[in-house]
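The values are calculated or read from the model by the stated rules, or taken from the named source; none is laboratory data. Everything numeric in this text was worked out from a predicted model, so none of it was measured. Backbone-built Cβ (ideal geometry, glycine too); neighbour counts: all protein chains shown. SASA here: full protein model, heavy atoms, side chains in, ligands and nucleic acids out. Shrake-Rupley method; radii C 1.70, N 1.55, O 1.52, S 1.80 Å.
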Amino acid sequence: MFRQALIRNHGSLGVLGTPSSHVRRIATSTSRYALETHNHEEAMLGHPSMPPDASSPPLLWPEPRRDTEMDFWRKIPQWKDVPRDEFLSWQWGISHLIEANMRKKDGLIEFLYAMVPDELPRTHHLGGFQNRDEFVGDVISGIKRATMSVRVMPYLLSKINWSDPVNDPIFKQFIPLGSVMVDDHPMVRIDPLNERIDMPVEGLVHRYPDKALFLPTSVCPTYCVFCTRAHAVGADTEMISKDPGRISRKKMDNVFKYIESQEELHDIVVSGGDAFYIQPATLEEIGDRLIAARNIERFRFATKGLAVAPHRFIDEKDPWTDTLIRVSDKARRAGKHMALHTHFNHPNEISWITEQASLRLVQSGVTIRNQSVLLRGVNDNVDTMLTLIKKLAKMAIQPYYIYQCDMVPKVEHRRTSLQTLLDIESQIQGAVAGFFIPKCIVDLPGGGGKRPASLYESYDRKTGISTFKQPVLKGKDREDKVYKYYDPVDTLLPTQNPV
């Protein structure tokens, strides 16, 4: 098991926040089990274990911020006395998350009443002010109409501007408001990517020739209002009865039997839900089986954890991260590649805790890539997206994709036109190093898979219809099939009347 801690220059252990005159170093020790396993494997291969290089430079933590943001969770009244080591505990976090669904709303309502002032702004497009009761009523209205239940980790709740929550980019992603919702586009679907048509066995989507998507869980640490898998992820809502498709031992065995039988299959994405909710023993079993599969060359665990609960990665008492790092090491020794794919949408989601967490992963040899979703009023401008890209790059997180928001119900107010994505793609070119420029992607409605936004066949701004083809997909009448993405109606260009 890998264990990391900061060492002050007087020899005691601590977290970020020591005086700047102190030298901050990472002491990375390997558990007896991991060390013995490594030495045994080296001996079996005929290579002696090599001592650490004494000339290697010390590993440093990022310089801590010297402002009130260090303990930012203390602005939450009920957490004002929570010490740092307790807030950084994964167990404390999951025991204090806030949830609301069709069966229970009291916890969220109580939290909101404690957080917001007597009077607060309305959304920018409405203008003016509202009282606390109006705001809470708006949230309740949103919950009743939403496809996703509410579930938010304390970390994110602590990062929201509660003096103006309805205009906060984090609040907008996780807590619905009835007042901002608009009618869905007629072509919106609850399963916009039509994943079930490409499920050879339950829990596995095999759409592309060389890669597949494994969905062993339907739970996430935090639920996004714009979730692509709203039909399966999270608790039931008043709008939708979910079909979570829980994976049993037998179903998981069937998934791996299928994976191992497909010689052309080389790449597996393990998602859900969220890989954060795969138990460590199961996480390691999945990793071991993918490493052992002769046809699999690379695999990735997809989790929003680094964005919504980064403290778990530096919680020494929680085994999930140690397990992930161990799987990464095993894959590397086997000549295979494991990566962690995460999901940041706005720079406000990043804190010193995120920096610590990502540093631990990077120094342990874990590749991290980020996938963002373009959301109206959250990150649909060049300045916000560039700030996010640069912050990710500084943490050695690869900005990988910017997705066009999928056509799911009840998020029409958050979708943008395709043109917005194309404009951002054009304007970020050259602003950072080329290898940090993310690909701008449309996941084609109806099961067409991912396609670069700029590779449309046609795009009519007046109808909002863009068309795409996906040459790599074969069978099921997909040859030369045309896939269509539809801009939100309120973003269409006006039709000019002839003079």
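Key figures
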read-out	value
Electrostatic dipole magnitude of the chain [Cβ: Lys, Arg +1; Asp, Glu -1; Cα centre; debye, to 20]	580 debye
Apportionment of accessible area to carbon and sulfur, the range 158-224, percent (1.4 Å)	54 percent
Which of Ile296, Ile190, Phe344, positive extreme of dipole for the chain (C-beta unit charges)	Ile296
Local electrostatic count, Tyr113, Cβ distance below 13 Å [Lys/Arg +1, Asp/Glu -1]	-3
Rounded to the nearest 20 debye, dipole of the range 430-490 from Cβ charges on Lys, Arg, Asp, Glu	180 debye
Most to least accessible of Lys304, Lys410, Lys450, Lys391 (protein chains only, probe 1.4 Å)	Lys391, Lys450, Lys410, Lys304
Unit charges at the beta carbon, dipole of the chain: most positive-side option, Phe72, Val378, Ala309	Ala309
About the Cα centre, charge dipole magnitude for the range 386-499 (Lys/Arg +1, Asp/Glu -1 at Cβ), debye	380 debye
Paramagnetic reach from Asp164 (point 7 Å along Cα→Cβ, amide N under 11 Å) across the range 402-420	none
Qualifying GluC sites (Glu not before Pro) in the range 211-306, DSSP loop, other Cβ atoms within 10 Å at most 12	Glu263, Glu264
Solvent-accessible area of Asp243 with every protein chain in place, 1.4 Å probe, in Å² to the nearest 10	80 Å²
Length-normalised contact order of the range 230-338 in % [C-alpha pairs under 8 Å, at least 6 apart]	24 percent
Pairwise FRET efficiency - Arg145 versus Glu99, Cβ, R0 = 22 Å, nearest 0.05	0.80
Other-chain or far-sequence residues with amide H under 5 Å of Arg369's (modelled H)	Leu340, His341, Thr342, Gln398
Amide N proximity, the range 162-181 versus Val432 label position 7 Å along Cα-to-Cβ, cut-off under 19 Å	170
For the chain, accessible area per residue (1.4 Å probe, heavy atoms of protein chains only), Å²	44 Å²
Surrounding net charge for Met338, when Lys and Arg each add one and Asp and Glu each subtract one, Cβ distance under 12 Å	+3
Among (i) 23.0, 78; (ii) 28.7, 91; (iii) 23.5, 85, the entry derived from the coordinates for Rg and Dmax of the Cα atoms in Å	(iii)
Charge tally in the Cβ shell below 13 Å around Met395, where Lys, Arg are +1 and Asp, Glu are -1, Met395 excluded	+3
Label-point separation, Leu126 to Glu260 (7 Å along Cα→Cβ), nm	5.7 nm
Added length on full extension, which subtracts the Cα-Cα distance from 0.36 nm per residue, Glu202 to Arg332	43.9 nm
Per-residue [θ]222 nm for the chain (sum of -39500 (n - 2.57) over DSSP H runs n ≥ 4, rounded to 500)	-8000 deg cm²/dmol
Solvent-accessible area, 1.4 Å probe, carbon plus sulfur percent, for the range 309-456	48 percent
